[in-house]
Every structure is written in C-alpha cells, then in structure tokens.
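Just so it is clear, none of the values below were taken in a lab; they were calculated from the coordinates. Values in this document were obtained by computation on a predicted structure and should not be read as measured data. Every residue, glycine among them, receives a Cβ derived from its backbone with ideal geometry; neighbour counts consider all protein chains shown.
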Amino acid sequence: MRISRPILSALLVMALAACGSDAETAASSNEIKVGLLHSLSGTMAISEVTVRDAELLAIEEINNAGGVLGKKIVPVVEDGASDWPTFAEKATKLVRQDKVAAVFGGWTSASRKAMLPVFERYKALLWYPVQYEGLESSPYIFYTGATTNQQIIPGLDYLKEQGRNRIFLVGSDYVFPRTANKIIKAYAAANGMEILGEEYTPLGHTEYSTLVNKVMQAEPDAVFNTLNGDSNVAFFKQLKSAGATAESMPVLSVSIAEEEVTGIGVENIAGHPVAWNYYQTTETPANEAFVKAFKAKYGQNKVTSDPMQAGYNAVHLWAEAVKKAGTTEVEAVKKAAPGIALDRPEGKVTIDGDNQHMYKTARIGIIQPDGLIEQVWDSGEPIKPDPYLEGYPWAAGLAGQ
Amino acid sequence: MTAFLNQLPIGLSIGAVLMLIALGLTFTFGQMGVINMAHGEFIMAGAYTAFLLQDMVLALPAAFLVAGVMGLILERSAIRHFYGRPLDTLLLTWGVSLVLQQLARDLFGAPNVQVPAPAWLSGGVGILPYNRLFIMGLAVAGVVAVWLYLTRTGLGRRTQAVVQNRQLAATSGIDTGRVDMLTFFIGSGLAGVAGVALTLIGPVGPALGTYYIVDAFLVVVAGGLGQLRGAVLAALGLGLLNSYAEFWSDASLAKVIVLAAVIAFLQVRPQGLFVLRSRVLT
Amino acid sequence: MIRRHLPFAAVAVVALVAAPLLLEPFRLGLLAKYLCYAIVALGIGLAWGKGGMLTLGQGVFFGLGGYSMAMYLKLTEAEGGLPDFMVWSGVEELPALWVPFANPVFAMSMAVLGPVILAVVLGTLVFRQRVRGAYFAILTQALAAAMVILLVGQQGLTGGTNGMTNFFELFGQDLAEDSTQRGLYLVVAGVLGVLYLGTRQLVNSRYGRLLVAVRDGEDRVRFLGYDPALVKTVTFAASAGMAGLAGALFVPVVGIISPALLGVVPSLELVVAVAVGGRHVLAGAVLGAVVMGYAKTAFSEQFADGWLYLQGALFILVMTLASKGIAGVAQTVAGRLRSARAT
C-alpha cells in the first residue's frame, strides 16, 4: 500500500488547511450585516437574480439616507444555486458564521421549506419575497409576497366575474401548483365552477404538444396556469401555434411577471391575464420613484416586477422595524414589526401581527403588446392575509388542521 | 377519438424534435464514441445565434458554423487527448458544459430571450402547426443530408472507414486526425441547427441544453451506436411512446415510462436496435 | 507494518480528534457532509476505479438510504400522527409503505438493503446482457432521471420537490445541539474509516484482483471460467450499499433530503469528484470528494456570482493536465522523490 501514503498525507494537509481557514470576521460596530440568499446560478437564476438586485437597491437607498440606527447596512450575498439543500447550508452560514441581522431570500417554496428549520433553530429572521401557497406561518419568517387569498382567490373571483366558469388547470409538478389547485377545486365546488382537467408537468418540461391537445379538446372557458419558469415559454409558444387566443381561452397565470414576458415573446402572451399585487405600471408615487431608481441603477431597458418589488419592500420594512425596535435583536424586531404600515410601490403595505404576512392589494392585469402589464381589476383596499384560509367556509379542511 | 388520433402526428413531431437533437450525437457519440455532455450547450449556442440574428433562415447556416466551430475548438484543445477513453470525455465535457452555461448567463443575462418566429410559420394544418411541420421537414432534411454525406461523399466514406476500423483506415492512408476533426465539426454544427429549430417551440436561456441532453443520449443508445437508421427509428418510437403515454397518463409518468422502456429495451438488445458487426474483441 | 499504517493513523487522528476540537460547529457540519459524500465516492472508486463500471446513478442509492432515514425521523416526530408534508399535501392516512419505517431497525437496514437489492436486480439484468461502458453509464443516468421524476410526482408519499426537512431529533438526541452534531460527525468519520479499511482489504484480496481483471479484459476472464457478471454485480451492490449508508448518515447531518440531491447532476458531481481525486486509488476517491466539496463551498462563498467558472475550470484543468487526478500527481511526485533519494 505504499501508493496511498502521499495521498493520505495530502488529505492531512487539506484537513489542516480547512481548520485554519476559519477566521471569524466580526462586523465592525458601525455596520449591520444582512444576508441576501437567492439562486444566482442554476434554473432559478432566471427569476431570482433581479430580486437580489432590487434588495441591493433598497440597501443602497437606506444607506444613502444615513443607514439604520446610524449604522450602514452591509449585504453578504450568497448563491442558493437553485438547490434546496444549498439554501439550508448557506442560510446556516449566514446566521452562524456571518451573524447577520436578517436574511432576505428564497423564491421557490422548496427553498423556503429547506431554510425554515435553520431560522427556527437559531432564532434568526428570514424575509421571503414571493407569492406562495400559504398554509404556513413560521414565527421567524416574514412573508412579503402574497398568500393565496391575496392572489389566487382574487384571480378566481375575476374569472367568475367574467363569466368564465369552465376551467382547465395546468401546473408544474411541485408544491405550489398542487396546493393552489386544491384550493381552486374547493373554490370551484362552492361557486358553481367546473374543473375540466388538471395536468402537471415536470419542472423544466418543454414538450407541451400533448397537453395542448388535451386542453384544446376540453374547450374550457379559461386556463388557470401555475407552470413555473421555462415551461411557461414552451407552453405559451405551443398553445399559440395551436390556434388558441386570449379572447376565446384566456390563460390566467400567477407566476408570470413583466420579466418573464420578454422570454416568452410578447406576441405569444399578449392579451392573457395575470394575477399579482404590483405591476410596473401601478400608479403610486412610491412606484414612480422605485421604477426610476431601478432603471437608473441597472439600465433603462430593465423592467420591475412583483417579486422584485416585494424583495425591495422587505428590506425597507425590516429597516423600519429595526428603527422602531431601536435594535437589530431578533425578538425585539419581531415585536416591533406588527402594525408597521408603509406606502410602497404596490400601495399601502401593513405587517400583520397574527401571521407576519402583509396586507396587500390584489390586482389583475392584462399583458400588453409592449410587454408591460395593465391593471384591469383590483381589490380596492389591501386584503388581510389569511394563509390558512380560515375566513373562507368552503376552504375548511384544506389546511388539514 | 379526435384527441386520440391527434396524438399520432403529435408523436411524430415529438420524434422529429428528438431526431434533431440526437442527429449531431450520432456523429460525435455514434461515430467517434465521444460522450459529449456539452452537446446540449451547442444546441443552446445555436439558439442564441438565432437570437442574435433575429432571423430564422439566416440563423440555420450561421448556427451550424458557430456550434461547429465551438465543437472544433473543444475537439482540438481537449477531446483529442482523450480518444479511446469515452468515459473520461463524458466528465470533461460535463465540466465544459457547466462553464458554457455560466458564460451564456453572463453574456445574455439569466432571463430567457425571445427569438421571433417568422410570420410564414404562423398557422397550421389540422393539429400540427406550421412550425412543427417545419421542424419535421428540417429533421428529414438533416437525416437525408447526413445519409448522403456518409454514403455518397469521399469524406463520408472515410469517416465510416475510421469508425469500422481505425487502425486499418490509418494504414490505408486516411488521415484519421482530420476525419475526427471534421466529424466533430459536423456533429456539433448539427446541434446548432437543432437549437435554431427549438426556438420555435421552447425557451431560449442558459439552461436550454440541460432539458434535452438526456433525451438525446437515450435516442442514440436505443438506436445503436453509429447507426443512423437506428437513431431515426428510436426517435420516432420514443416520440410516439411519449405522446400516447402522456395522453393516457400525465407528463411525469410518460417520462418515467419512456425511460423505463429504454432500460427494458436495452435488456433485450444491449447494443441498441442495430449493431455494428465486428469481430474485434474488446 | 507500522509504517504502512502510519499515514492512515495520522489522518484518523486529525479527523477524529483535531477537527472536532478546532473547527466551529458550522464548519464541522460541512466537513461531516463532505465525508458523507466521501463514503459514496469510496463506492464509486470501487465500482468505477477498480471495476470499470462508470455509474452515473449513484444518487439513486444515496437517495434510497436518505429517504429511509428521513421517513423514520419524520415518523418518530409525528408520534403516531402524520408527517407535516402529508398534512399539507392532503394525505389523510399514513401510506402502507411508510408504516414499517417507524421501526428504527427496519429503517436503518432498509437504508442499506434497499440500495443493495436494487443494485443486485439491476446488475443481474444488465451485466448478464453484457451491457457495459457508455451504455451502462447512460442507463444508470436514465435511472437517476426516472427516480427524480417519480419522487417529485408522488408528493403525498415523498414530499415532492421539497423532499423532507425539519427534523428535530435522532434517537432522543436534539439535532440542533452542537454536541449531537459533533457526535454525528464522529460517527460519519468512523464509518468512513472502517469502510475504507474494509474496501482496501477487499481490493487486495483474490476477489479484488479478479475485479481488476474483469475491468481490463472481461472476455478473457470469462474464457478463464469465471463469471464476470457475478463479480460485477457484487461490486455494484457493495457500492450501492455504501451510497445508501451515506444517504442515511447525510439526513441527520444536513437536515434535508430532496430529489435535488439524487438526480443526474449530483450523481455526476460525485463521479467528477472521484475523477479529480484519482479513481485508480481508493484514497483518491475519498480525497476527491472532500476536495470538491470544500472547493464548492469555498468558491461559492468567495465568488457568489461566478463560482461555477472556478469549479468548472478546476475540474477541466485536473482532467486535462493530470488525468489520473490528484492521487496521480501525488504518486508521480512521491515516485520522483524516491528515485532521487535512491540515486
């Protein structure tokens, strides 16, 4: 076995090197470190990179205005690499190694579920900026995106109002679409709507001819689309070339925002409705400033979208809570947060004390030929978040508890 | 019933897509035994070429050149040191594919880009839109061109000679190094052409290659290494199987059924549909 | 005799004594993770390095082990109720498949036996048909792809894309405690050490020589009257068992199992790690897994935006400049030194 001796020695050196590389970098006293944890590589980078950009913009704004508690915010950026276990690992690193005051991050439900135990275990804060399937309210997570009653249910209300009662469900095969469709089916049963079909495709699926055939044969009034990422591109291209139009069969999407429209091709999706809480065209003073600042920092051809705005809000809301608490200490911030209300690009946003979700205004928009989204319907005032749908009798039993 | 009948042309068109993405592999993998995991990224390069030119017709030859040259560079700089060690090339080219994906992300941005479909491709016949028919036509043209090249040109015959017996071919005065270069150029170029066609039906982004690579290898493996007719039959067979399996179940299950079918098929015919007969002992 | 075991003993001391003392809990946890991967890599080193079977589906076996362990952990925490993800997936009754996994002995044995059985079945079918080389590689890759789709599709049974996470305790020990994690690290390091020694013994035995012979000339071995398919199946099963065990250890260490951990890419990454370390030596495989794991963490922490370039470049460089991996380089250097000393 003489061959393995040098290798084993190499292993020894490696192990020692690993031990030595562990110098703790303590934050200096006039800085507050926060973590930004999004997928910068892999399939989810498509969506998450710009959310990180919006969060960096918010940090820059706060620092330019003098920081928080007289200290500058310093972002520590990590890559979740579209891989859930990596999210858990990097979250642990940010919390334990960098000792950040808060982490802003995640996109997919899977990444949030993977990070949740880390934040609960080490009693640290996660601000999660994307609409999701509800049925969760962790004491250590603030949810700045919509829960189901602020997006999916208003979307269904809109379809019903339009007289489109025969619906086909199309989604990617993961937690959000399956939970969303469960809710949709319960809603349909209670509201006299008919579900003509329910189909799932693997994430990253690009061959939609069979599914389009099924949808076309069923002749629904509308399609409720919970596909994710690249699949949307393939689905809309193939649906369009099969002859479907937005007039005869609108496809209501809940995961397509301004950013995705270019990749899908405006001509393939113009006229179809989407459900969100914010569009680049939303008319509020805060939004005018946000869009202007974002374009100035990242380029005039960039667009802003709901998750970007929710990430941008998350940083500002956290800073506000820190100011109110007078400290970055987690329990104090949690205690200070409820009731904080800010005028954000999407309108007035209030942190709910019961479940750490936000009061948000639901908005339905139609995709325009210029790639932006024009609002055609809104809920009037911000809707109280209800992640377990306790306020909806027809949803009883969905939450399982 | 209509829905059921519709699945037949749909299956054929899925088969055509599989054929297109696998056609280049019948060269690099089939003829040369190089497991090129960066094949998917050459497809991606073709799609991005179409994006840069914003013109489908111009993009076809341009993508062939771009992807071909990329293949040539890869072959000259790295792969040629690995001939006879197919499994090592698999790992090496996988590393290359990672780098190319990240490069695309940095050059073109992480979000998908849009290649407008030409106006003359809107509309369709029955269930098949013109863009599907275009892909089917392109696949047929590609197969015919490859077949003509291999059987009717001197270069092609030399390629086949090298595949069948490298040493003997070299002894007969064939410059095997040049044949390898050319084969790799054509194989990679065909991937580029496939990439252009795929912009009609799918996303154009940094992850594009990863969606097709496993399917492409399955087609070549099921068809038999270096067997053009095997690859054609395998592509059509898998396309039809996929189409009907998804029709009766769902997309996830259909994928599993297709994969299971290939694994089971290799039990019956371990070398694929058609085997290159040889008396050489491994 | 003593000299021969000296390097191994030195590494063992560093791994078992120095690392737990010197490393912070977070870093120690990462090292434990790399060591879990090293156990899989050891199996790949055996199957591929010694037996010539390039398996691109090792993640499947890793996953079977991981899911067995995760099912057990979820059931002990649910205390007779339903695991959390089933509740939000709308499952009302515990699926029959899950029931026996409440028993720790059953779950632990399935973590190893499940992969072994699958490998024996697959190996018997495939090797009897003389499927080998690239065909075998792509076939195992297809297996990994199919496995992921299956797991993702059965959300109520497996947790879907999310997989399973949020584990609290193992055999009554609080998994959040640093002391538990340190103990787990020692277990992982110990298991790796024992498996390494065992595999080394195996490779040096008659069976090991037969295995190498099968790698280098399968037909010739057959002509000599041996059954190469049997030799290969046994080896493949052993490497599958190691991957399964690694998966079972991985779950309490890292705290999550999901389809993302056992698909085409992670399976390939492990093979790549073995190639970088040097596949023709078992220690090279182990070293490669630790080096690549460490490189991935270090690169991605330093350069969150472009670390993939570094990882890819490191790998391409090692493969083109030193096709025998780090172990090959180390051997060459050692060889030079020895001959320099001799002259």
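Relative to the longest principal axis of the C-alpha atoms of chain C, give the angle of the C-alpha long axis of helix C:307-321, reported between 0 and 90° and rounded to the nearest 10°.
Computed tilt is about 30 degrees.
Helix-derived [θ] at 222 nm for chain A: sum -39500 (n - 2.57) over DSSP H runs of at least 4, divide by residue count, nearest 500?
-12500 deg cm²/dmol
Which residues in the range A:90-121 have a backbone N closer than 15 Å to a point placed 7 Å from the Cα of C:SER179 along the Cα-to-Cβ line?
Nothing falls inside the zone, counting backbone N under 15 Å.
Rank C:LEU192, C:GLN129, C:CYS36 by how far each Cα sits towards the positive end of the charge dipole of the range C:2-264 (+1 on Lys, Arg Cβ; -1 on Asp, Glu Cβ) and give me just the farthest.
C:GLN129
Give me the distance between the Cα centres of the range C:246-307 and the range B:185-248, rounded to whole Å.
Going from one Cα centre to the other spans 29 Å.
With springs only between Cα atoms under 10 Å apart, run a GNM on chain C and tell me which of C:VAL221, C:VAL17, C:VAL329 wobbles the most.
Per the Cα network of chain C with a 10 Å cutoff, C:VAL17 tops the list.
Using the Cα centre of chain C as the reference point, and only Cβ charges (+1 on K/R, -1 on D/E), how large is the resulting charge dipole? Debye, rounded to the nearest 20.
Details: 23 positive and 17 negative charges, 465 e Å.
That gives a dipole near 2240 debye.
When the gyration tensor of the protein assembly as shown is built from Cα positions, what are the square roots of 5 times its three eigenvalues, in whole Å, from largest to smallest? Write down the numbers at each step before the final one.
Details: eigenvalues 388, 280, 139 Å².
Taking √(5λ) for each Cα gyration eigenvalue gives 44, 37, 26 Å.
Under 10 Å, Cα contacts only: if you run a Gaussian network model on chain A, which one of A:GLY271, A:GLY80, A:GLY42 comes out with the highest mean-square fluctuation?
Among A:GLY271, A:GLY80, A:GLY42, the largest mean-square fluctuation in the Gaussian network model of chain A belongs to A:GLY42.
If R₀ is 35 angstrom, what is the calculated FRET efficiency for the pair A:ASN165 and B:LEU133, using the beta carbon separation as r and rounding to 0.05? Before the final figure, lay out each step's value.
Numbers: r = 35 Å, r/R0 = 1.01.
The computed FRET efficiency comes out at 0.50.
What residue among C:VAL291, C:VAL121, C:VAL274 shows peak mean-square fluctuation when chain C is described by a Gaussian network model with Cα springs under 10 Å?
Of C:VAL291, C:VAL121, C:VAL274, the most mobile in the Gaussian network model is C:VAL121.
Taking Rh as the Kirkwood radius computed over C-alpha pairs, what is the Stokes-Einstein D of chain C at 10 °C in a medium of viscosity 1.306 mPa s, expressed in µm² per second?
It diffuses with D of about 76 µm²/s by this estimate.
Counting each DSSP H run of 4 or more residues in chain B as -39500 (n - 2.57), what helix-only mean residue ellipticity at 222 nm follows after dividing by all residues, to the nearest 500 deg cm²/dmol?
Values: 11 runs with 202 residues, N = 282.
The helix-only estimate for chain B comes to -24500 deg cm²/dmol at 222 nm.
Within 12 Å, Cβ to Cβ, of A:LYS335, how many net charges do the neighbouring residues add up to if Lys/Arg are +1 and Asp/Glu are -1?
Working: positive: A:LYS324, A:LYS334; negative: A:GLU329, A:GLU331.
After counting each charged neighbour, the total is 0.
With each run of n ≥ 4 DSSP H residues scored as -39500 (n - 2.57), what mean residue ellipticity at 222 nm is computed for chain C after dividing by its residue count and rounding to the nearest 500 deg cm²/dmol?
On the way: 16 runs with 252 residues, N = 343.
When only DSSP H runs of four or more count, the value is -24500 deg cm²/dmol.
What's the extension gain from A:ASN191 to A:ASP378 if we count 0.36 nm per residue and subtract their Cα-Cα distance? Please list the in-between numbers first.
On the way: separation 187, 0.36 × 187 = 67.32 nm, distance 2.01 nm.
Contour length minus Cα-Cα distance gives 65.3 nm.
Which of the helices in chain B, when you take each full DSSP H run, stretch at least 18 Å along the axis at their Cα atoms and have an average Kyte-Doolittle score of 0.0 or higher?
Working: long enough: B:2-25 (35 Å, 1.80); B:39-53 (21 Å, 1.03); B:56-77 (31 Å, 1.76); B:86-108 (32 Å, 0.86); B:130-152 (31 Å, 1.27); B:176-198 (33 Å, 1.27); B:208-223 (24 Å, 1.73); B:228-248 (30 Å, 1.01); B:251-268 (26 Å, 2.27).
Helix filter hits for chain B: B:2-25, B:39-53, B:56-77, B:86-108, B:130-152, B:176-198, B:208-223, B:228-248, B:251-268.
Among DSSP beta bridges whose residues both lie in the protein assembly as shown, state the antiparallel percentage, nearest 5. Let's see the in-between values first.
Numbers: 24 of 57 bridges.
Here the antiparallel bridges make up roughly 40 percent for the protein assembly as shown.
Rounded to the nearest 0.05, what FRET efficiency is calculated for C:PHE303 and C:SER323 with R0 set to 22 Å and r the Cβ-Cβ distance?
Values: r = 27 Å, r/R0 = 1.22.
Efficiency, from the Cβ-Cβ distance: 0.25.
Any chance you could list P(r) for the range B:203-280, counting all Cα-Cα pairs in 10 angstrom bins from zero, rounded to whole %?
19, 44, 29, 7, 1
Nearest 20 debye, what's the magnitude of the dipole of chain B about its Cα centre given +1 on Lys and Arg Cβ and -1 on Asp and Glu Cβ?
880
Any idea what angle helix C:133-153 forms with the longest principal axis of chain C, computed on alpha-carbon atoms, 0 to 90 degrees, nearest 10?
It works out to around 10 degrees.
Counting Lys and Arg as +1 and Asp and Glu as -1, what is the net charge of the other residues whose Cβ lies under 14 Å from the Cβ of B:THR183? Write out the running numbers ahead of the final one.
On the way: positive: B:ARG76, B:ARG80, B:ARG157, B:ARG158, B:ARG166, B:ARG178; negative: B:GLU75, B:ASP175, B:ASP180.
The answer is +3.
For the range B:17-154, give the magnitude of the charge dipole about the Cα centre (Cβ charges: +1 Lys/Arg, -1 Asp/Glu; no others), in debye to the nearest 20. Working shown, then result.
Working: 6 positive and 5 negative charges, 46 e Å.
The dipole magnitude comes to about 220 debye.
Stretched out fully, how many nm does the piece from C:ARG130 to C:GLU92 gain, at 0.36 nm a residue minus the Cα gap?
On the way: separation 38, 0.36 × 38 = 13.68 nm, distance 4.60 nm.
Here the answer is 9.1 nm.
Could you tell me whether chain A comes out rounded, prolate or oblate from its Cα gyration tensor? Rule is a ≥ b ≥ c as square roots of the eigenvalues, rounded for a/c under 1.5, then prolate if a/b exceeds b/c, otherwise oblate.
The shape class here is prolate.
Convert each backbone phi in the range C:246-253 into a coupling constant with the Karplus relation 6.51 cos²θ - 1.76 cosθ + 1.60 (shift: θ = phi - 60°), then list the ³J(HN,Hα) values in order as whole Hz, x for Gly and Pro.
4, x, 5, 6, 4, 4, x, 5
For A:PHE142, enumerate residues with amide H under 5 Å from its amide H, sequence gap 5+ or separate chain, H modeled in the peptide plane.
Here A:LEU126, A:TRP127, A:TYR128 satisfy the definition.
Residues with amide H under 5 Å of A:ALA362's amide H, sequence separation 5 or more or different chain, H placed in the peptide plane at 1.01 Å from N; which?
Amide H to amide H, under 5 Å and 5 or more residues apart or across chains, A:ALA362 pairs with A:SER379, A:ILE383.
Counting DSSP beta bridges with both partners in chain A, what percentage is antiparallel, nearest 5? Please list the in-between numbers first.
Working: 17 of 50 bridges.
Among the beta bridges of chain A, antiparallel pairing accounts for roughly 35 percent.
Pick out, from A:TYR128, B:GLY137, C:ALA142, the residue whose Cα sits farthest towards the positive end of the charge dipole of the protein assembly as shown, with +1 on the Cβ of Lys and Arg and -1 on the Cβ of Asp and Glu.
Farthest towards the positive end: C:ALA142.
List the residues of the range B:1-38 whose backbone N lies under 20 Å from a point placed 7 Å from the Cα of B:VAL268 along the Cα-to-Cβ direction.
Within reach of a label on B:VAL268: B:12, B:15.
Quick check: net charge around A:GLU133, other residues with Cβ under 15 Å of its Cβ, Lys/Arg +1 and Asp/Glu -1?
Values: positive: A:ARG112, A:LYS113, A:ARG178, A:LYS182, A:LYS185; negative: A:GLU136, A:ASP173, A:ASP386, C:ASP84.
Net local charge, A:GLU133 excluded: +1.
For the range C:55-108 and the range B:250-264, what is the separation of their C-alpha centers, rounded to whole Å?
25
For chain A, take the longest principal axis of its alpha carbons; what is the angle in degrees between that and the long axis of helix A:175-191, to the nearest 10 within 0 to 90?
30
Measuring from centroid to centroid over Cα atoms, what is the spacing of the range B:23-39 and the range A:162-189 in Å?
43
What range in chain B is the longest one free of trypsin sites (Lys or Arg not before Pro) that are in a loop by DSSP and have at most 11 other Cβ atoms within 10 angstrom? It would help to have the intermediate numbers written out before the result.
Numbers: sites that count: B:ARG277, B:ARG279.
By the stated rule (loop sites, at most 11 other Cβ atoms within 10 Å), B:1-276.
Return, ordered by residue number, the residues of the range C:38-82 whose backbone nitrogen is under 15 Å from a label point located 7 Å along Cα→Cβ of C:VAL121.
In the range C:38-82, the label zone of C:VAL121 (backbone N under 15 Å from the point 7 Å along Cα→Cβ) covers C:60-61, C:64-65.
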